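A.B. asks: Supplied in structure tokens, the structure appears directly below.
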Amino acid sequence: MKKTRLLIISAAAVLLLSLAFFLVTREPPEPQVPAAEADSEEIPEVSDEAATENQLIPLIDLDFEKLETIEIERAGEERYTLIPFGDGTFKVANVPGASIMTNAAQSIRFSLMLFTSNDIVSQGENIADFGFDQPEAYCTITAGGEQVVLILGDKSPDGSASYIMRKGDPKVYLVQGYLAGILFADLYSIREKTLPLVTINALTGISVKEKGELKFTITRYTSDDPFDPGLFPFFYTYPYDPPKGVNDSKLFELLEIFQSGVFIHEFIDSPESLSVYGLDSMQALELDMSAEDGTGLHFLLGNTTDDGLRYSLRAGTVSPVMLISASDTAVADIIPFKYAESFAVLVGIDTIRGFELTVGDLVVTGRIERSGDAEDPVEDFYINGRKVEEDLFKDFYQVLIGRQIEGDAESAIADQFQDSQSVFQLRYIGRDDESLVKEVELYPYNNDFYVLQIDGGSRRFLLGQYQVTYIVEQAESLL
């Protein structure tokens, strides 16, 4: 019955296996031997009795519904065992964290059913001529307590087929190369080599630790700040206090690879020591990405090779050590300041009823008086109590909010100015509640910069003194 089934499905499945072949080998096929050279090859003569043209000979006569294991032993001492697992796939025995590609698992099952020959090239004579003095690999299939051992020899001269023997059978069979390539594949070629995808639009947070210390945290931010313009979906919640908006377009350029799939160049299974790869707790860079749909990833990142590959480990799993492109995890290496939104304090004019600016003896107050209904409001603008044109008011307001940060001071350096007197104070007053204010202060840093403080938070950002000079010049032109 099994032989009949093999004959019926062979024609249809061969096409599928041809497409599946590229999944399990990264090497190009061997070039075909020119006809002239092929004629000169010493190929063992095949007797008429041995030839079985136009007849398919099944080489694995087992009940695959009772499949137990597929054991592969390749020259060079690579050994692995596949165990049926779940719906049509396999797990790798004694290799924690190894998973097989879905398409590769399907191809392996097809190859078991279709592993046939239409040509016997030797009845046991001169088997060394076919590569069986030093076989390429062994495949042992066990099903229902029965076992078949296949032995892989050389490829045929044109590279399209492989020579196969069965343990206990003296014959040498010719089998299509893609069937042999699938069943005797090396483990790397059939295992899953792409990390699980991350839905970037579902990201809720990113945190990075360096040598156990927090480096930065980025959080999808729902702000209760009445002055928040709502332009930034992500904020740094560390090291900046209050939180600072993130330039999401720049950030998403680094995150895009996680949505398309990070490629794994090499696996190092069951490493004896993580410190060799820079992956112990005191060496590793820890990258944790969380997403509301559960597609986040949590990495430990270690040393980088001369080829630009980085040792990594999926934290909290039985993952092997992996080599991935260091550029794919560049988000863990960013300097927070370079990805922070560039404005010192961005406050939308629609969120305020006014502002108060003090720079030394210079005092400027702005006020917006609104009347009428919400759909057709009337606004009047005042500077130091004097009514001014809307464009004049808004041009100066743009000067105030258009200041850009130019540096990121170390906390220890900025803290030395805790007791110094601010030289610049700017208060934004809430539109609906004048008790709600946002305070911006600048403190002396050196001859060229001021340290920025927002709402009494940490003084981390630097503004050039020329920016304050420009504000003063524009204010004086209004008065």
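Please treat every number below as a calculation from the coordinates, not as lab data. What you are looking at is a predicted structure, and each value in this text was computed from that prediction instead of being measured. Note that we place each Cβ from the backbone using ideal geometry, even for glycine, and neighbour counts take in every protein chain shown.
A.B. asks: For residue 244, list the lysines whose Cα falls under 23 Å from its own Cα; do not include residues on the same chain fewer than 8 positions away.
C.D. replies: Partners within reach: 209, 215, 338, 438.
A.B. asks: Follow-up. What number, in percent, do you get for the relative contact order of segment 200-335 if the mean sequence gap of Cα pairs under 8 Å and at least 6 apart is divided by its residue count?
C.D. replies: Value for segment 200-335: 25 percent.
A.B. asks: Same structure again: Under 30 Å Cα to Cα from residue 66, which lysines show up? Leave out anything in the same chain fewer than 8 places away.
C.D. replies: Cα-Cα hits under 30 Å: 2, 3, 91, 167, 171, 193.
A.B. asks: Note down the nm distance, to one decimal, between modelled labels 7 Å out along Cα→Cβ at residue 439 and at residue 398.
C.D. replies: 3.1 nm
A.B. asks: So, in nm, how far is label residue 386 from label residue 315 when the simple model puts each one 7 Å beyond its Cα toward the Cβ?
C.D. replies: Result: 5.9 nm between the two label points.
A.B. asks: Between residue 63 and residue 197, what length comes free when the chain is fully extended (0.36 nm per residue of separation minus the Cα-Cα distance, one decimal in nm)?
C.D. replies: Full-extension gain reported as 44.6 nm.
A.B. asks: At 20 °C and 1.002 mPa s, what whole-number value in µm²/s does Stokes-Einstein give for the translational diffusion of segment 349-478, with Rh from the Kirkwood sum over Cα pairs?
C.D. replies: 136 µm²/s
A.B. asks: Also, quick follow-up: Report the extension gain between residue 280 and residue 343 in nm, rounded to one decimal, defined as 0.36 nm multiplied by the number of residues separating them, less their alpha carbon distance.
C.D. replies: Gain in length upon complete extension: 18.8 nm.
A.B. asks: Report the local net charge at residue 334: Lys and Arg +1, Asp and Glu -1, summed over other residues whose C-beta lies under 10 Å from its C-beta.
C.D. replies: Computed value for this residue: +2.
A.B. asks: Could I ask something else about it? Using helices alone, I'd like the mean residue ellipticity at 222 nm for the chain: each DSSP H run of four-plus residues gives -39500 (n - 2.57), total over residue count, nearest 500.
C.D. replies: That comes out to -5500 deg cm²/dmol.
A.B. asks: Further question: Using semi-axes √(5λ) of the Cα gyration tensor in Å as the read-out, say which of [x] 73, 22, 19; [y] 42, 26, 24; [z] 46, 22, 21 was calculated from these coordinates.
C.D. replies: [x]
A.B. asks: Near residue 98, within a Cβ-to-Cβ distance under 14 Å, what is the net charge of the other residues, with Lys and Arg +1 and Asp and Glu -1?
C.D. replies: Net charge in that neighbourhood comes out at 0.
A.B. asks: I need the semi-axes of the equivalent ellipsoid of segment 200-335: take the C-alpha gyration tensor, multiply each eigenvalue by 5, square-root it, list largest first in whole angstrom. Intermediate values should be presented prior to the final figure.
C.D. replies: Working: eigenvalues 172, 46, 32 Å².
Over the Cα atoms of segment 200-335, the semi-axes work out to 29, 15, 13 Å.
A.B. asks: Further, regarding this structure: Mind pulling the angle between the C-alpha long axis of helix 390-401 and the longest principal axis of the chain? Nearest 10 degrees, somewhere in 0 to 90.
C.D. replies: Orientation of helix 390-401: about 60 degrees from the principal axis.
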